[in-house]
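Notes for the one structure printed next.
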Amino acid sequence: MNIHRTVWNQQHQRLKAALSHPDKHPDWRHLFIHQHAQVHSSQLSPDKEWSFEDEVMLGLGDDTLRRIPGRGEHSIAWILFHLARIEDVTMNMLVAGNIQLVEEDNWLEKMCVSIVDTGNTLSQKEIAQLSQTIALGALRAYRLSVGRRTCQLINQLTPGELHRLVDRTRLEKVRLSGAIASDASGILDYWGKRTIAGLLLMPPTRHCFLHLNEALKIKHYLSKNN
C-alpha cells in the first residue's frame, strides 16, 4: 500500500482514541481536520498536503470518470457524488441539525442531477445514467463545499457533544427529506446507533477512504483495459 494511505490508516486509529477520550486528547479536532482533508481535494487543506482524491484524479479525463468497468458497479463520478451526499447528510443534518448544503445553493441543479438521495440503491442503469449526465465540475465543487462546511461544524463542536447519541428527531428529518432512499432505511438504523464521535469516524473519514480505494482500483483497471 502507498505510504500515505498506510499512514492515514494509522492516524485513523489515533483519531478513534482521541474521539473516545477527548479530555485526554485535546488535539482531537486537529486530528480530525487533518484526516478529513486528506480524503478531499488538496484545495481543502491550507498545508497542501497529500490528497487521496487528487491521487485518484491525477491524469483522468472526463470519459474515464464517467465509465463503469466491465462487471463493475460504480464509476468514479458516482463515487464522488455518493461521498459528497453522505457527508452532507450526516454532518449537516445529523451532527449540526441544519439543512443539507445541497439545499442551500441549488447544487442538484448545478450538477444536472435529479436524484435527491445518496445513491445507495440506484440500479446499474441509473448509476450509468447519472455518470454520463452529471456536471463534473459542479460535482467536484459541491464535494469541496461539503468538506469546507464539515470543517466549520467541527470547529463548533464541544468535547461533551462527541458522546451524544444521534438525535432521533434528526434521523426522522433525514427520512422525510428523501435523502436516504426508502429501501436503504437500514442506513438510518445504523446511524441511529452511533454517537457523534462514531459518525465522525465513518461518513467524513473512513467511508471516504474506502470508496477512494475503490476509485483508485477503477482507475488502474481502466488504464490497463482501454
Qualifying positions in the range 121-135 - surrounded by fewer than 17 Cβ atoms within 10 Å (Cβ to Cβ) and either under 17 Å from the mean Cα position of the chain (by Cα) or within 16 Å of His211 (Cβ to Cβ) (or both): Thr121
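Taking Thr205 as the residue in question, decide whether it is of a type in the set (Val, Ile, Thr), more than 24 Å from Lys16 (Cα to Cα) and surrounded by 16 or more Cβ atoms within 10 Å (Cβ to Cβ). Reasoning before the result, please.
Numbers: of a type in the set (Val, Ile, Thr): yes; more than 24 Å from Lys16 (Cα to Cα): no; surrounded by 16 or more Cβ atoms within 10 Å (Cβ to Cβ): yes.
No.
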Residue in the range 47-60 that is part of a helix (DSSP H, G or I) and small (Gly, Ala, Ser) present: no
Set His36, His40: member being part of a loop (DSSP other than H, G, I, E, B) and crowded, with 21+ Cβ neighbours inside 10 Å: His40
Residue count for the range 23-37, restricted to those that are over 18 Å from the mean Cα position of the chain (by Cα) and farther than 11 Å from Leu200 by Cβ: 6
Residue identified as in contact with a Phe, Trp or Tyr (Cβ under 7 Å, 6 or more places away or on another chain), assigned to a helix (DSSP H, G or I) and not β-branched (Val, Ile, Thr) among Leu65, Leu83, Leu108, Leu19: Leu19
Residue ID - modelled with the lowest pLDDT, chosen from residues in the range 128-158 that are farther than 12 Å from Asn92 by Cβ and hydroxyl-bearing (Ser, Thr, Tyr): Thr158
Among (1) out of contact with any Leu (no Cβ under 7 Å at 6 or more places or on another chain); (2) among the hydrophobic types (A, V, I, L, M, F, W, C); (3) buried (at least 21 other Cβ atoms within 10 Å of the Cβ); (4) within 20 Å of Ile33 (Cα to Cα) - the single one Leu157 does not satisfy: (3)
Test: residue in the range 54-73 that is surrounded by 16 or more Cβ atoms within 10 Å (Cβ to Cβ) and closer than 15 Å to His207 by Cα: no
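Yes or no, residue by residue, for (1) crowded, with 16+ Cβ neighbours inside 10 Å; (2) touching a residue at least 40 places away in the same chain (Cβ under 8 Å); (3) farther than 28 Å from Ser131 by Cα:
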residue: Ala18; (1), (2), (3): yes, no, yes
residue: Pro26; (1), (2), (3): no, no, yes
residue: His82; (1), (2), (3): yes, yes, no
residue: Asp88; (1), (2), (3): yes, yes, no
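Can you work out which of the residues in the range 90-120 that are β-branched (Val, Ile, Thr) and either touching a Lys or Arg at 6+ places or on another chain (Cβ under 6 Å) or in contact (Cβ under 8 Å) with a residue 60 or more places away in the chain (or both) is surrounded by the fewest Cβ atoms within 10 Å (Cβ to Cβ)?
In the first step, residues of the range 90-120 are kept if they are β-branched (Val, Ile, Thr); the result is 90, 95, 99, 102, 113, 115-116, 118.
From what is left, the residues that are either touching a Lys or Arg at 6+ places or on another chain (Cβ under 6 Å) or in contact (Cβ under 8 Å) with a residue 60 or more places away in the chain (or both) are 90, 95, 116, 118.
Numbers: Thr90: 28, Val95: 23, Val116: 16, Thr118: 24.
Only one residue tops the list, namely Val116.
Of all residues in the range 38-93, which are basic (Lys, Arg) and within 12 Å of the chain's Cα centre (by Cα)? Break it down into steps so the answer makes sense when it comes.
Filtering the range 38-93 for residues basic (Lys, Arg) gives 48, 66-67, 71, 85.
Within the range 38-93, Arg85 is the sole residue that qualifies.
For the range 73-116, which positions are charged (D, E, K, R) and closer than 26 Å to Ile33 by Cα? I'd like the intermediate steps shown before the answer.
Pass one, the range 73-116, residues charged (D, E, K, R): 73, 85, 87-88, 103-105, 109-110.
Passing the criteria: Arg85, Glu87, Asp88, Glu103, Glu104, Asp105.
The values are calculated or read from the model by the stated rules, or taken from the named source; none is laboratory data. Only a predicted model underlies this, so the values are computations on that prediction, with no experimental measurement involved. A quick note on method: Cβ atoms are made from the backbone with ideal geometry, for glycine too, and the neighbour counts reach across all protein chains shown.
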